[in-house]
Amino acid sequence: MQEKQFVTIGGKRFHYTWLRDNCLNSQNRHPDSLEKLNDICDRPSHPQPKFIEERDGNLIVDWNENPPLRSVFPISWLLAHTCDPQPQSPIGENVILWDKAWLEANPIEWPDVRKSDFKMWMKQLLSLGFIILRNIPLEELDTFISSFGPVRNTEYGGIMTQKVGKDLAATSHGIPPHNDLTFWYGHRTTQFIHCAKNEAAGGQTFTIDGFRVAKDFRENHPDYFQILAETPIQFWRVQHEHQYFFRPVASIIEVDKAGNVTAIRFSHKNCVPQLPFDQLERFYEAYTAFSRYLNNLDYQYRFRLTAGDCLLIQNFRALHGRTDYDASVGARDFRVAYMEWDYFLARYFYQRELEATYFAINGN
């Protein structure tokens, strides 16, 4: 008879192989980095417990091994890391696909960074794909951004003024919906847009939930959606000062193996399709239709940034843009910076969940 290969805790099944691999004690994990100390080949292929029980909020497992090994798992930790029936989303189930009507029906009070907790407003950023933070003076901007990780350097440096460079952002013209850095292979960044002064007429900022638009677009135009998800196109950017010609190839809509949308890469000013002749007409039909969705005001949340405001954008989900402005009325002083999204997400995970794991390893 085949031996049982799992234990049920709190209605969830846990494989013995998984439990043995994730053993929480200082013999198997480095107490600081949490890295596994042993190779998976150093233990039985199908580990079995000699003794197993629930006691005082823990699952205790004595493994049938020589030398003896005991694993102690807090049940709360197990249930937070269950894979039954499938792993939980690492960012939780609080992602909201929004449009203008949803935000108007659910008004949000944007947090003051001096009075709010990072985990709280990070949840908002994860949920909506953007957030507006209040009360960040210009002289504190560098310290604020750098507190989360290294600022990504572009050809213009780290934290840049929007007047730097020779592109559309350095003019007073309106900027249509787009993601930044589409001309880099690595565009999964957190983008910071900080307002030091905004006395010009016009110049409203707007954001769009690209994942919400993609969802609606897929439901209404499944054939066009597949074209944008499956067709690799080029995104160009010429930078004469440093003699750069960026030209990555990627799809406008990125999906994972399960078909979930994982990223949007859209910037008409940098999009230069280089496709076989027979594909061009259908591609442009799909591309134009998607662009019309993004430009639909029903998806756009418009607002005016004032001095001390900082807009944070999940650059591969939320798109942004700006209306025309007239600088003759008053000064407009904005700063822009980028940081790898990995740093932001890693800081959130660290503050959210590592305490219990450290206690389990170093307390046993």
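Structure data summary
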item: Wholly enclosed helices (runs of 4 or more DSSP H) of segment 13-115 bearing at least 2 residues open to solvent by less than 70 Å² (accessible area, probe 1.4 Å) and aliphatic (A, V, I, L, M); result: 75-80, 100-105
item: Positions within segment 180-229 being in contact with a His (Cβ under 6 Å, 6 or more places away or on another chain) and either part of a strand (DSSP E or B) or open to solvent by 20 Å² or more (accessible area, probe 1.4 Å) (or both), in sequence order; result: Thr207
item: Within segment 140-177, considering residues that are touching a helix residue (DSSP H, G or I) at 6+ places or on another chain (Cβ under 7 Å) and of a type outside the set (A, V, I, L, M, F, W, C), the one modelled with the highest pLDDT; result: Pro177
item: Residues satisfying the stated conditions in segment 92-139, i.e. without any contact (Cβ under 8 Å) to a residue 40 or more places away in the chain, under 25 Å from Thr262 (Cα atoms) and touching a Lys or Arg at 6+ places or on another chain (Cβ under 7 Å); result: Asn94
item: Filter result (touching a helix residue (DSSP H, G or I) at 6+ places or on another chain (Cβ under 9 Å), modelled with pLDDT of 90 or more and on the phi > 0 side of the Ramachandran plot) within segment 12-63; result: Gly57
item: One residue from Ser33, Ser26 being among the hydroxyl-bearing types (Ser, Thr, Tyr) and without any contact (Cβ under 8 Å) to a residue 12 or more places away in the chain; result: Ser33
item: Odd one out for Asp309, checked against (1) modelled with pLDDT under 95; (2) closer than 27 Å to Glu104 by Cα; result: (1)
item: Residue within segment 38-55 that is among the aliphatic types (A, V, I, L, M) and more than 30 Å from Gly210 (Cα to Cα) present; result: yes
item: Subset of segment 261-278 (residues that are in a loop (DSSP other than H, G, I, E, B) and among the hydroxyl-bearing types (Ser, Thr, Tyr)); result: Ser267
item: Any chance Phe266 is modelled with pLDDT of 95 or more, open to solvent by less than 100 Å² (accessible area, probe 1.4 Å) and out of contact with any Gly (no Cβ under 6 Å at 6 or more places or on another chain); result: yes
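The values are calculated or read from the model by the stated rules, or taken from the named source; none is laboratory data. What you see is a predicted model; the values in this text were computed from it and never measured. Virtual Cβ from ideal backbone geometry, glycine too; neighbours counted across all protein chains shown. SASA here: full protein model, heavy atoms, side chains in, ligands and nucleic acids out. Shrake-Rupley method; radii C 1.70, N 1.55, O 1.52, S 1.80 Å.
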